[in-house]
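Here is the structure we will look at.
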Amino acid sequence: MRFPLDNLTYEIDYEFLWGSDLLIVPVLEENATQVSTYLPQSLWYDFYTSALVSHGGKNVTLNAPLDTIPLLVRGGSILPMQEPSATTTLTRKNNIYLLAAADELGVAAGELYWDDGDSLNSYEESLYILLKFNLSGAQLSGSSAHWGYPGVLTLGKVTVLGVKQPVTSVFIDQAATGFSYDTINKVPPSCLEGKEAKTLLYLAYYHPILAHGSETWIWKKRLQAAEMSILRGIENETRRDRIRDGLEETLKRKRFLWLGHEWRIERLRNLTEQREG
């Protein structure tokens, strides 16, 4: 629940939160092009223009053209997004975009949950990805809270709202990258463009702002998901542990932990067959 201590919100029935970070203010009067509403105490940004609308705690009047429903983003949130396609299957193939809306302290946080988009028990079976994002000052970082699905996510663009000082440079993994900056709304609407548009969204070992996941690290995550899938098919826990231990011991002797990725998966399958045989 958001804003439980703001008693001015208790009887409001003409606006609603979608989740905890998007405030939708529908127009309920015919031919109206503006709508008056109360905003709870928080920074609120216009979703369409990225402009700061209000610090909250008061009534405001929002522009509402006939083809637009006012939509506000709460300061302190990070929203993963995708451009829509004709179907959800096609949409899943599009790049991921991050919209980071800073609060009064320049801080924001958000999560991305991702699975195959079809199975019913992905969460219960741990077949999903959970990424957590944090904005603090001039640093945007991400981490992997869970990686149990061998999917590939591509980061297309990062937009940061509420930047108070002019942006002079943006770094990804300590390397400068191109960006643009909105001098009117003080928003860098496209921090990652050009060649950076295909940056892989592997964030557990990322440096501040965002960074490329190394090839070794990417294979590590893919292998972990593949191994989890193979080992999950073995019901006996003791047998699972023996197979996993046997693989790790073999890897120690080989002296390369993740570089032999194809060999690792093949070795795991062979060990499984040997143990079950």
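Values quoted throughout were computed directly from the atomic coordinates according to the rules given, and no laboratory measurement underlies them. Just so you know, these numbers come straight off a predicted model, no measurement behind them. Note that each Cβ is placed from the backbone with ideal geometry, even for glycine, and that neighbours are counted across all protein chains shown.
L22 versus H146, label points 7 Å from Cα toward the beta carbon: distance in nm?
In this crude label model, L22 to H146 measures out at 2.3 nm.
Using a Förster radius of 45 Å, what is the FRET efficiency between D241 and R92 based on their Cβ-Cβ separation? Nearest 0.05, please.
In this case the efficiency is close to 0.80.
Going by average Cβ neighbours within 10 Å, how do the peptides 51-60, 4-13, 108-117 rank, with the highest at the top?
108-117, 51-60, 4-13
Taking 7 Å along the Cα-to-C-beta vector as the label spot, tell me the L5-L66 distance in nanometres, rounded to one decimal.
4.5 nm
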